[in-house]
Amino acid sequence: MRKILFIDATVRKGSRTRRLAEALLNAVAKEDDKITRIKLSDMDLSPITEDVIDLRDKALSVSNFSDPYFDTARQFTEAEMIIIAAPYYDLSFPASLKLYIETISVNGIAFTYGSDGIPTGLSEAEMLYYVTTAGGEIGPYNLGYDYVKTVTRGLFGVKDTQCLRAVGLDIMGADPEEVLKNAISGLEYLKAEQ
Ligand SMILES: Cc1cc2nc3c(=O)[nH]c(=O)nc-3n(C[C@H](O)[C@H](O)[C@H](O)COP(=O)(O)O)c2cc1C
């Protein structure tokens, strides 16, 4: 049994990104996996304040992270597979995902610093799938994925990441259903990898 965390950073009811990410979940999940879904727009995420910095510093100094504020960070760290569904907004992703990353990026839970000042990530995740859809082309500007890859691998210690994308959905004359269908059928290879 693996703990799979599905992080939904989508905004619209009929989100194509969520459909693609659900298809990916369907391709990679095994029957006995424990799947937890969180929807960022339903969470009370807010930018870090001075009070939050004080709460974090105090928790770290006494090694006591029992405050419910830290539950979100712990949930991320304990996940063994992570799927992020994030539409391509302004060359990256919706702001809720940045708020989420700020919330989970807790010294003492997500990572720890060695005496040499180098952080060691504490994530249990072997794989993080980042799923996005874009109205136009993404090309070299996959800034959302590039950032998520760097922070989750470099700081949180996720072992590996992969980006799955469907692009050109809003281009005049495009058939978004066809694009999505092709992207979903392209996920077949993942079943064999599990
Ligand atoms: C606020 C906003 C910003 C967007 N920025 C971009 C962009 O920079 N480049 C692009 O190709 N499409 C952009 N789009 C289009 C979305 O990427 C596209 O419609 C995507 O499929 C939406 O995902 P969803 O169906 O999951 O909501 C943007 C859409 C919105 C609403």
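Scanning the stretch 121-137 for residues that are surrounded by fewer than 19 Cβ atoms within 10 Å (Cβ to Cβ) and within 16 Å of the ligand (Cβ to nearest atom) yields a count of 3. Looking at (1) modelled with pLDDT under 95; (2) not in a helix (DSSP H, G or I), can you tell me which one residue 191 breaks? So the condition that residue 191 fails would be (2). Number of residues in the stretch 79-130 that are under 24 Å from residue 55 (Cα atoms) and among the acidic types (Asp, Glu): the value is 1. When the stretch 163-188 is filtered for residues that are within 14 Å of the ligand (Cβ to nearest atom), part of a loop (DSSP other than H, G, I, E, B) and either touching a strand residue (DSSP E or B) at 6+ places or on another chain (Cβ under 7 Å) or not acidic (Asp, Glu) (or both), the ones remaining, listed by number, are 167, 168, 169, 171, 172, 174.
What's the number of the condition residue 115 fails, among (1) in a helix (DSSP H, G or I); (2) more than 13 Å from the ligand (Cβ to nearest atom); (3) open to solvent by 70 Å² or more (accessible area, probe 1.4 Å); (4) over 20 Å from residue 40 (Cα atoms)? Going through the list (1) in a helix (DSSP H, G or I); (2) more than 13 Å from the ligand (Cβ to nearest atom); (3) open to solvent by 70 Å² or more (accessible area, probe 1.4 Å); (4) over 20 Å from residue 40 (Cα atoms), residue 115 breaks only (1).
Taking the condition modelled with pLDDT of 95 or more, under 21 Å from residue 95 (Cβ atoms), in contact with a Lys or Arg (Cβ under 8 Å, 6 or more places away or on another chain) and buried (at least 18 other Cβ atoms within 10 Å of the Cβ), does residue 166 pass? No.
Scanning the stretch 98-112 for residues that are part of a strand (DSSP E or B) and either surrounded by fewer than 18 Cβ atoms within 10 Å (Cβ to Cβ) or modelled with pLDDT under 95 (or both) yields 107, 112. Residues in the stretch 141-162 that are within 13 Å of the ligand (Cβ to nearest atom) and open to solvent by 50 Å² or more (accessible area, probe 1.4 Å) were compared, and the one that is nearest to the chain's Cα centre (by Cα) is 143.
Counting only residues that are part of a loop (DSSP other than H, G, I, E, B), open to solvent by 10 Å² or more (accessible area, probe 1.4 Å) and closer than 23 Å to residue 124 by Cα, which one in the stretch 1-18 is farthest from the ligand (Cβ to nearest atom)? Across the stretch 1-18, the extreme among qualifying residues is 1.
Residue 189 satisfies every condition listed in (1) within 18 Å of the chain's Cα centre (by Cα); (2) free of Cβ contacts under 8 Å to residues at least 24 places away in the same chain except (1). Within the stretch 19-47, which residues are open to solvent by less than 50 Å² (accessible area, probe 1.4 Å) and within 16 Å of the ligand (Cβ to nearest atom)? Within the stretch 19-47, 20, 21, 23, 24, 25, 40 qualify. When the test is whether a residue is without any contact (Cβ under 8 Å) to a residue 12 or more places away in the chain and surrounded by fewer than 16 Cβ atoms within 10 Å (Cβ to Cβ), residue 176 does not pass it. Each residue in the stretch 51-93 was checked for being within 16 Å of the ligand (Cβ to nearest atom), part of a loop (DSSP other than H, G, I, E, B) and surrounded by 16 or more Cβ atoms within 10 Å (Cβ to Cβ), and 4 of them qualify. Would you call residue 148 in contact with a helix residue (DSSP H, G or I) (Cβ under 9 Å, 6 or more places away or on another chain) and farther than 28 Å from residue 75 by Cα? No, not satisfied.
The values are calculated or read from the model by the stated rules, or taken from the named source; none is laboratory data. Everything quoted here is computed from the prediction, not taken from an experiment. Every residue, glycine as well, gets a Cβ built from its backbone with ideal geometry; the counts of neighbours run over all protein chains shown. Ligands, DNA and RNA are excluded from the accessible area calculation, which covers all protein heavy atoms including side chains. Shrake-Rupley method; radii C 1.70, N 1.55, O 1.52, S 1.80 Å.
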